[in-house]
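Heads up: the structure comes next, in structure tokens.
The values are calculated or read from the model by the stated rules, or taken from the named source; none is laboratory data. Every value quoted in this text rests on a predicted model; they were computed, and no experiment measured them. In this analysis, Cβ positions are derived from the backbone assuming ideal geometry, glycine residues included, and neighbour counts consider all displayed protein chains.
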Amino acid sequence: MEFEPVIGLEVHAQLKTRTKIFCGCSTQFGAAPNTQTCPVCLGLPGALPVLNRTVVDFTLRMALATGCTVARESRFARKNYFYPDLPKGYQISQYELPIAEHGHIDIAVDGRPQRIRIRRIHMEEDAGKLTHDPHRPVSRVDLNRTGVPLIEIVSEPDIDSPAAAGAYLRQLRSVVRYLGICDGNLEEGSFRCDANVSIRPKGSSGLGTRTELKNLNSFRFVEKAIEYEINRQKDVLLDGGAVVQETRLWDQSRNQTVSMRGKEEAHDYRYFPDPDLLPLVIDEDWIGRVRRSLPELPDARRARFVEQYGLPAYDAGVLTTDRELADYFEKCLTIFPQPKPVSNWIMGSLLGLLNARDIAIDQSPVPAAELAELVKLVDEGALSGRIAKTVFDEMAASGKTARAIVQEKGLAQISDALAIESVVHEVLAQNPAEADAYRGGKTKLMGFFVGEVMKATRGQANPKAVNELLRKVLAGSSSPRSSL
Ligand SMILES: [Zn+2]
């Protein structure tokens with residue numbers, strides 16, 4: 001029997017506001033525990049929440065960027081449960097009336113375009129953070145994170161493979177980062193994903209029992225965990241068993257999902273409208289203001305890079321994944337306006353360097369203007385491609401400019417015909433037998449001569465000029481130096 005997976009993702013994105021969603025406490029990461037709290041986010045009796053307008057602005061940006069319908073009136077509810085990181089005993093979230101619904105994200109998997117529908121986007125507050133001491137039976141709670149604003153983006157179960165789940169998440173992350181509403185940092189937990197996974201007989205339309213996967217803090221783990229879970233459910237069904245609805249954790253050390261707890265139903269939380277907060281009313285003006293403030297989004301920018309710069313779709317996709325990277329590319333073009341060579345250098349050497357050092361583009365040791373200068377030097381023939389790679393490494397290591405390094409080390413490419421020609425003559429004089437054999441018809445020896453000349457010039461001769469001059473000299477008089 002063949003099965004097909006049905007996957008839906010719930011993403012929590014932490015909004016980059018300065019203050020929390022219902023109070024004026026700072027959201028800054030890394031402060032001493034419990035120093036960024038007040039009666040509101042501690043949930044003390046009588047304290048009243050006030051909605052942060054910027055949270056609504058940011059959520060509207062996301063809603064409009066993903067083609068959602070914005071609710072003119074939405075509501076906050078209380079989601080009741082007890083946990084030590086939740087002093088109020090309930091989380092304020094949107095339930096029945098979310099701010100946005102019915103959007104979508106477009107992805108491509110192996111070149112096949114797919115549209116993943118977004119069911120809803122809603123605002124909510126984060127809970128605190130528990131740290132468990134591994135050596136003693138002690139847990140500590142830090143409430144700095146209580147009340148930090150989140151949006152939850154819930155997809156429809158339109159995702160049909162682990163790779164599609166990865167593509168959807170990358171695109172979503174790209175969008176929140178373009179919008180400047182979330183830093184998209186999975187490791188620090190500001191972009192978190194839970195996956196709902198079920199399988200069904202191939203071609204059927206019903207839905208199987210699903211499990212929810214948590215603790216997925218990298219794109220790779222998301223794909224691996226979903227893959228594992230699909231196979232686990234297959235084994236259960238093929239053994240005649242039934243999949244249990246539950247929450248499972250991804251255990252990265254064992255590469256498997258493990259049962260965490262039975263899955264709650266919505267009614268377990270006893271949702272009800274929060275009496276402390278008025279319904280949120282959003283008028284056309286507000287939506288219009290936010291719509292006009294939207295930046296160019298990844299899809300549009302990718303299309304423009306293909307159209308305006310004539311880049312291959314692949315290059316355009318890589319360069320526009322990240323807004324800062326796309327900005328870097330366009331900054332290079334203001335200095336050296338040849339898109340493809342610049343793209344090659346960015347996708348090859350620069351991204352290789354950033355990956356190796358595990359840093360972001362805005363921390364690049366080689367600024368856009370300097371990279372553009374380097375590409376320009378190669379284009380002008382002042383530097384050979386091979387030596388340029390060495391110069392790039394030196395720029396990254398020392399922070400010096402390409403021109404400075406070339407001058408300092410005498411790396412300029414020798415394009416001067418006289419200089420090269422004298423080396424050509426030397427090489428031929430040192431290898432008279434090969435020169436005669438070449439003239440006798442053994443033209444394959446050209447490669448040997450080119451190699452010798454490059455060796456003699458420490459790789460600095462312009463290979464094109466070397467080829468031309470060798471041909472000219474070998475075709476001419478057999479007497480060395482005659483052409484000088
Ligand atoms: Zn507070």
Any residue that is modelled with pLDDT of 90 or more, farther than 23 Å from Ala300 by Cα and hydroxyl-bearing (Ser, Thr, Tyr) - is there at least one of those in the stretch 334-357? yes
With the condition kept exactly as written, say whether any residue in the stretch 87-103 is exposed (fewer than 12 other Cβ atoms within 10 Å of the Cβ), of a type outside the set (Lys, Arg) and under 27 Å from the mean Cα position of the chain (by Cα). no
Exactly one of Arg117, Arg192, Arg170 is surrounded by fewer than 23 Cβ atoms within 10 Å (Cβ to Cβ) and free of Cβ contacts under 8 Å to residues at least 60 places away in the same chain, and that residue is Arg117
Please find, among Gly352, Gly399, the residue that is free of Cβ contacts under 8 Å to residues at least 40 places away in the same chain and on the phi > 0 side of the Ramachandran plot. Gly399
Is it true that some residue in the stretch 256-272 is surrounded by 16 or more Cβ atoms within 10 Å (Cβ to Cβ), among the charged types (D, E, K, R) and modelled with pLDDT under 85? yes
Please determine whether any residue of the stretch 232-241 is within 23 Å of the chain's Cα centre (by Cα) and free of Cβ contacts under 8 Å to residues at least 60 places away in the same chain. no
Across the stretch 1-26, the tally of residues that are more than 10 Å from the ligand (Cβ to nearest atom), at pLDDT 95 or above and in a loop (DSSP other than H, G, I, E, B) stands at 4
Does the stretch 198-235 hold any residues that are among the β-branched types (Val, Ile, Thr) and either under 11 Å from Phe3 (Cβ atoms) or touching a Lys or Arg at 6+ places or on another chain (Cβ under 6 Å) (or both), and which are they? Ile199, Thr211, Ile230
